[in-house]
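> What follows is a structure written as structure tokens; I'll ask about it next.
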Amino acid sequence: YLHYGHVSPFRLAREAAAHDSDGARKFLDELLVWREIAYAWSWHEEAPESSSALPSWARETLASHSEDPRRVLSWERLARARTGDALWDAAQKSLLVHGELHNNLRMTWAKALPAWSPDPSSALARLIDLNHRFALDGRDPASYGGLLWCLGLFDRPMPVETPVLGTIRARSTRAQLRRIDLAAYRRRVDRPRSAAPPTVAVVGAGISGLACARILHDHGVPVVVVDKGRAAGGRTASRRTARGHVDHGAQFFRARTESLLRHARSWVDEGVVGAWTGRFLERSAGGELRPCEDDEPRSVGTPNMRAVARHLAADLDVRVGCEVVRLDHRADGWTLSTRAETLGPFDRIVLSQPAPQVVGLLADDAAAEPLAAIRYAPCLAVAARLPPGTDLGFDAARLADGPLSWVAREASKPARADEGWWLVHASAPWSREHLERSPVEAGADLLASFAREFSGPPPEEIFVHRWRYARVEKPLGEPCLVGDRWIACGDGCLGGNFQAAWTSGVAAAGRILGEPIEVSPDL
């Protein structure tokens, strides 16, 4: 309330002083001394987010301990309160779900970050990021004062050095636990974020739907995900065969926005994603195959592309094999009818399937009409197992003309065994022409083109998959479309790639989290 100017500090000081109690005196000390120090410091400090803002003794002791052993945790593990430290996770969940963290506990919360970060500068950046991203009073001068105090600001060196922090004052969660009722604090943290949090159903467990559901769940919103497929992942699909997995959908992704980059770096730290480096070729229309000039990093799931979906879906209520055939909007919310049961009611639904399927479910809703303008191109995919070790002189090739658009050697991706699998994607024109043919016949013709192009040996095993909505040729042009208690999202909104799907799902979650809420009486 102070941060946004809803209440005057003078009024609070007068009312607190009238109480004349230990609690009031402590409050006045925080309000009139420490808050004012932080405001004055922030006014004069040109770089409050840099380690240069710390006193010299603090910088020196942190530098001298920069090589100390640490248990480095990913940003995502910290943000989602998954460190395994019960008190710290409860404190972070309070920030994540409610946007609040008691100032005294925030000091302990912040003191833990250096030992979980690669180096002192990373620790400071993470402190500021996590606080400002989730705290309602983030970006406040008092926040900077409190966070940098944890790294030595407004303090003095301690006589005994400790690992990582050196002579900076230590403040462990173990010591804090002796001063707090953890069970009671957890009950407070685990309370709903509002008096009546909305229940949400997400239809479609591709990257867009999972990104939306993951964010909602982490922020304390009850969510159920349903998908007609056999597993979550959508077009980040990987088929299990007798001889390993084959990525027959999306081949890689690129993180180009800070939102996805932040998570992608964490997925690398968690072993969910790796960098795909290799011999990449490309051919322009009418040209010759030549080394690819595009050196932008390519990221792939490990040990297969579905790993990212599994990571996002962990601990979510995901129900696969559930095709939604009907939606009904009643007074008490939305119900979803599958071929086996009716689910609901739900206060909100998020529809992340391809646009034609969403339009079919919302056939009588005029607000869904813009989705009909989205256009997709199909893609026929053929996986062929050649003799292991087959080397065609490249690892992946993108072709601008002819029946083939993409060819890749699965074994060239990180964390894959050489089972001999090669993946071939047909071009959009060829896929349109042959989409309704027998998969066996279409696959044989596509492999014949592959053999003519690259002189590969005959395959020992093949399978074919038809992607009707593989590539987005004409997107909606907006992150998501909002109707009456429904939201449509997916790569069809912004463009046909992983980045677009992720951004759209995040936007859908943001629309739900940004709705006005009824505050719980206990607040």
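> Got a number for residues in segment 357-388 being more than 24 Å from residue 437 (Cβ to Cβ) and among the polar types (S, T, N, Q)? Spell out how you get there, then give the answer.
If we filter segment 357-388 for residues that are more than 24 Å from residue 437 (Cβ to Cβ), which is where we start, we get 358-374, 387-388.
Checking the rest, the ones that are also among the polar types (S, T, N, Q) come to none.
So the count comes out to 0.
> Of the residues that sit in segment 251-271 and are within 14 Å of residue 211 (Cβ to Cβ) and not in a helix (DSSP H, G or I), which one is least open to solvent (accessible area, probe 1.4 Å)?
Restricting to residues being within 14 Å of residue 211 (Cβ to Cβ) and not in a helix (DSSP H, G or I), the top hit is 253.
> What single numbered condition from (1) among the aliphatic types (A, V, I, L, M); (2) surrounded by 21 or more Cβ atoms within 10 Å (Cβ to Cβ); (3) closer than 21 Å to residue 281 by Cα fails to hold for residue 448?
(2)
> Of all residues in segment 173-200, how many are among the small types (Gly, Ala, Ser) and in contact with an Asp or Glu (Cβ under 9 Å, 6 or more places away or on another chain)?
Kept after step one, since they are among the small types (Gly, Ala, Ser), are these residues of segment 173-200: 175, 183-184, 194-196.
Now drop any that are not in contact with an Asp or Glu (Cβ under 9 Å, 6 or more places away or on another chain), which leaves 194-196.
Residues flagged as among the small types (Gly, Ala, Ser) and in contact with an Asp or Glu (Cβ under 9 Å, 6 or more places away or on another chain) within segment 173-200 amount to 3.
> Would you check which residues across segment 91-107 are buried (at least 21 other Cβ atoms within 10 Å of the Cβ) and of a type in the set (Gly, Ala, Ser) and list them?
Answer for segment 91-107, where residues must be buried (at least 21 other Cβ atoms within 10 Å of the Cβ) and of a type in the set (Gly, Ala, Ser): 91, 94.
> For residues that are within 15 Å of residue 274 (Cα to Cα) and at pLDDT below 95, scanning just segment 286-302, find the one that is surrounded by the most Cβ atoms within 10 Å (Cβ to Cβ).
Selected residue: 297.
> Let me ask another. Run residue 96 past the list (1) over 22 Å from residue 193 (Cα atoms); (2) in a helix (DSSP H, G or I); (3) in contact (Cβ under 8 Å) with a residue 24 or more places away in the chain; (4) not polar (S, T, N, Q) and report the number of the one that doesn't hold.
For residue 96, the failing item is (1).
> Give the residues of segment 150-177 that are within 17 Å of residue 103 (Cα to Cα), open to solvent by 20 Å² or more (accessible area, probe 1.4 Å) and not polar (S, T, N, Q), sorted by residue number.
Selection gives 154, 155, 169, 170, 171, 175, 177.
> Here is a check on your reading of the model: is residue 309 more than 20 Å from residue 208 (Cα to Cα) and of a type in the set (A, V, I, L, M)?
Working: more than 20 Å from residue 208 (Cα to Cα): no; of a type in the set (A, V, I, L, M): yes.
No: the conditions fail for residue 309.
> Out of the residues in segment 411-438 that are without any contact (Cβ under 8 Å) to a residue 40 or more places away in the chain and assigned to a helix (DSSP H, G or I), which is nearest to residue 399 (Cα to Cα)?
429
> For segment 272-285, enumerate the residues that are more than 14 Å from the chain's Cα centre (by Cα) and either assigned to a loop (DSSP other than H, G, I, E, B) or surrounded by 21 or more Cβ atoms within 10 Å (Cβ to Cβ) (or both).
Residues satisfying the conditions are 276, 277, 278, 279, 284, 285.
> Among the listed residues 59, 11, 71, identify the single one that is part of a helix (DSSP H, G or I), among the charged types (D, E, K, R), farther than 17 Å from residue 150 by Cα and open to solvent by 50 Å² or more (accessible area, probe 1.4 Å). Let's see the steps before the verdict.
On the way: 59 fails: farther than 17 Å from residue 150 by Cα; 71 fails: part of a helix (DSSP H, G or I).
After applying the criteria, what remains is 11.
> Moving on to the next point. Here is a list of conditions, (1) polar (S, T, N, Q); (2) touching a residue at least 60 places away in the same chain (Cβ under 8 Å); (3) open to solvent by less than 30 Å² (accessible area, probe 1.4 Å), and residue 131 meets all of them except one; can you say which number that is?
Every condition holds for residue 131 apart from (2).
> I would also like to ask the following. Out of the residues in segment 470-487 meeting the condition of being basic (Lys, Arg) and part of a strand (DSSP E or B), tell me which one is surrounded by the fewest Cβ atoms within 10 Å (Cβ to Cβ).
474
> For residue 410, are the conditions met, namely being open to solvent by less than 20 Å² (accessible area, probe 1.4 Å), charged (D, E, K, R) and within 30 Å of the chain's Cα centre (by Cα)?
yes
The values are calculated or read from the model by the stated rules, or taken from the named source; none is laboratory data. Worth saying up front: this structure is predicted, and the values here are computed from it rather than measured. Cβ atoms come from the backbone with ideal geometry, glycine included; neighbour counts cover every protein chain shown. Accessible surface areas use protein heavy atoms only, side chains included; no ligands, DNA or RNA. Shrake-Rupley method; radii C 1.70, N 1.55, O 1.52, S 1.80 Å.
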